[in-house]
C-alpha cells in the first residue's frame, strides 16, 4: 500500500524511512514546505501528493490543527486512508474526520496520538468490541515524567529537571502544555472517545507539576510515596465521563513507579480482561513512527476505525469522581478542607482530606492560589 | 461471525458468554463431552459442530494435544477460521496448522496461548511487519509469580505459598509444569515463532523455582533485590535463537517487581519502537476469553495470521547468551565457578559468577545436583 507522508520533520522522516522496510507498504510522496523539495519524492502541495498515481494512504506528521485538518479532509475525500499522530487534530476534529472517512469507505486511525509508541488506543479499540471498559488512564506525558523522576530519584530541583529535559529535547522552549498537564489531558480525551464514544470538550480539569518542589519530594518520600502525573477517565451515570489530570502519590509497588525517565504508561481495566498495563516510549522519532506503521498495517489488514460511528462530543462530570487528597499549603489556608489527618511545621501544613470530588479540589486550589496561597495537591491512591 | 466453541470448561464457557455481547460475533454450537449435552446448542461430535449452518469460526478451549489437533485440522479443512488458547497444541502443531489455514484461506490465531489476557503476541505479530525485534520475554507464568510474590512480600515458605496458590485455583494438584518453568518455556517458544519465524524445539533450558527457599529470600532481600521467574528469547547469529526460563534477580525499579500476585508481564524490544511492556492477567476465565475474543475480532477485520508463511521449527542456541549469575550452594561445591565475588557463612556459599553461558550454568547445576548439591541460581540483570 503506497503511503504518502505529510511533513518531513522528526516523525515524518521516521515514517518515510520505516515504510521502505515494512511488509505490504511502500514509500509514496512526502509533503514538504516550499523550498525544501530537494528530492523528486518531495512535493510542496497537497494536490501533488494526492494526485500521485497509486497512493492509497496518507500519514500526517505535521502537527497543529491547520493546515493538517484541511489536508486530512482533502485526503479522505480523495478516497485515501488517513493515519495521524497529531493529538491536537484528533481532539479538535476527530469525530468529523472519522465520519467523513466512514462515508468514503476509507480508514481513519490515530493510535500514535495518545501514548506515542505505546499501543494503548489500538488495544483499547479492540477491547471495546467485546468488553466493557471500567476505567482508563496513565502517565501520558513523557516530559513531566522525566522531570518528576529526576526530582525524586536524582534529587534535582524543578528548575534543574526542566533544564535537563530541555537539553535532551524532551521539553519545548515553552514547556507550559507539558508541565500544566494539558498535553496529557488532550490525550486522555482521545481514550475516552475510543472507550466510551464520548470525546469530552468541557468540564475537564488538569493540575500539572508546577507546584511540586524539592521540599515536597522530601515530604512525600518520608511517607514512602512516589509522585507521578496521571490522567484518569471513566464513564459515570448520565451518559458522561470523568476525565482529568493530576499528580498522584503511589506506593512503591505500583507499576507507575517503575516508569522512569521519559517513558509512558497507559492502562485500562476491562470488566472481563481485568487490568491491562502498557509501558513504552511515548514520543520520539522511531517509537512514534512505529505506532503510525502499526496503524498502517491495521488498514492493510482491514481494521479501519478506532472511533465508533456514534461517537460524539460531550462534557465531563468531574463532580462524580471522589477520593482523598494530599495537600501541602500554608497553615493559614487549611480551614476550607475536611481533613482526615493534619500536621504543620514552620507554617507549612500537610493534610490528608476526606474524600472530595476532583472538581471541588481543583476549583478550591484555583481559588486559594488567587488568594496568594502556594499549594501542591495530589491524589492519594488506595 | 458465528463462532463455535470447543470445550465448555472455565475458558470455553467464558468465550461462549462473551460471544453474546461482542460486536460482529454470534454464538455458535459448543462441543461438549457425551452426556453433557443438556442444551440444544451443545453438541457431542466435531462433525455436528462443523456442519451447523453458518459457522465461520471455531474457538478451541479444550487444552491438550489430542483430540484438539484433530478437531483443529477438521475445522480448518472445513473452511473455518481457527482460534485457540492452547499453548501445548500450538507449540506442537502450530506451524502445520498455520500452513493448513493459509492453504484454505482461513485464519489461525492464538494470542491467548502466551500471556493469557495480555495482548503480547497480538502486538508482537503487528510489530514484526515493520520493525526488527531485538529481544522478548517476561513473567509468563502466573502461578510461580504468585508464589514468588507471596514468599518475598508476605514471607510465606515455599510450601505455604504453593498451598495458597492451590487453594486459590492458581496451581494444579501436580504443579510441576509451573514450578519447573516448563509452562513459561512453552509460551516463550511461541513468542520466538512470532518474532523470528523459528519455533525452537531443541536446546531449550528451564530452571524453575523449586530450589528457592525462605533463606534465599532473606539473602537476596539483604542485597536489595527481588526474584522473578523470567523467560527470555532473542535471535543469535546462525539463524538460531536463544530461549530459556530461569529466576532473575532484579532491582526494585524494574517493571517486573511491580508484577504482584498471579499477574503476567510480557515485553519485547523493537529496534524502532524501543522497549514495550505489557502487564495483565495471564490466566482465568474472563481474561483468557477476552484474548480469544480479541483474536476473533482480528479475524472479522481481516487479520488472519500470527505466524509467517516461512516459520519453521529449529533448535535453540543457549551457548550464545551469556551473563553473570547469583549462585547459592554448599561451600564445598564452588570450585567449578569463575567468581566475581564470594561469601560463605555456615558452609553455605553465595557467589556472583563472571559472565557465563545459559547452557553452561544450567548444565553445571544439573551436574552438581546429581552429585548431591542443593543449588539455587538466578540471573543477575544489569
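Just so you know, all these numbers are worked out from the coordinates, no wet-lab data involved. Everything quoted here is computed from the prediction, not taken from an experiment. Positions of Cβ are generated from backbone atoms using ideal geometry, with glycine treated the same way; all protein chains shown enter the neighbour counts.
Just a few scattered comments:
- Cα gyration tensor, region B:132-281 - rounded (a/c under 1.5), prolate or oblate: prolate
- Prolate/oblate/rounded label for region B:23-87 (Cα gyration tensor, a/c 1.5): rounded
- Residue and whole-Å distance for the chain A Cβ lying nearest the axis of the A-onto-B rotation are A:302, 1.
- Label-to-label distance, nm, for residues given as residue B:260 and residue A:102 (7 Å Cα→Cβ offset): 4.1 nm
- Cut-off 15 Å (backbone N to label point 7 Å along Cα→Cβ of residue A:319), residues of region A:234-260: A:236-243
- Percent antiparallel among DSSP beta bridges (both partners in chain A, rounded to 5): 65 percent
- Among B:98, B:85, the order by Cβ neighbours within 10 angstrom, fewest to most, reads B:98, B:85.
- Modelled this way, with points 7 Å down the Cα-to-C-beta line, the labels at residue A:215 and residue B:39 are 6.4 nm from one another.
- Calculated [θ] (222 nm, deg cm²/dmol) that DSSP helices of n ≥ 4 give over chain A, each run adding -39,500 (n - 2.57): -10500 deg cm²/dmol
- Counts of other chain beta carbons within 10 angstrom of each beta carbon in peptide A:277-287 average 5.
- Taking 0.36 nm per residue of sequence separation and removing the Cα-Cα distance, the residue A:370/residue A:168 pair yields an extension gain of 69.3 nm.
- Rounded to 10°, Cα long-axis angle of helix B:142-153 versus longest principal axis of chain B: 40 degrees
- Globularity index of chain B, i.e. its alpha-carbon radius of gyration over 2.2 N^0.38 Å: 1.03
- Selected from A:253, A:125, A:45 as most flexible by GNM, with chain A as the system and alpha-carbon contacts under 10 Å: A:253
- For residue B:213, inter-copy separations between label points set 7 Å beyond Cα along the Cβ vector come to 5.3 nm, shortest first.
- Here r is the Cβ-Cβ distance between residue A:13 and residue A:312 and R0 is 51 Å; the resulting FRET efficiency, rounded to 0.05, is 0.90.
- Antiparallel DSSP beta bridges within the protein assembly as shown, percent to nearest 5: 65 percent
- Inter-copy label distances at residue B:239 (7 Å, Cα→Cβ; nm, one decimal): 6.2
- Volume per residue that the Cα convex hull of the protein assembly as shown spans, once the total is divided by residue count, Å³: 181 Å³
- Cα gyration tensor category, rounded, prolate or oblate, for region B:322-380 with a/c compared to 1.5: oblate
- Dimensionless Rg ratio for region A:1-159, taking C-alpha atoms and the 2.2 N^0.38 Å reference: 1.18
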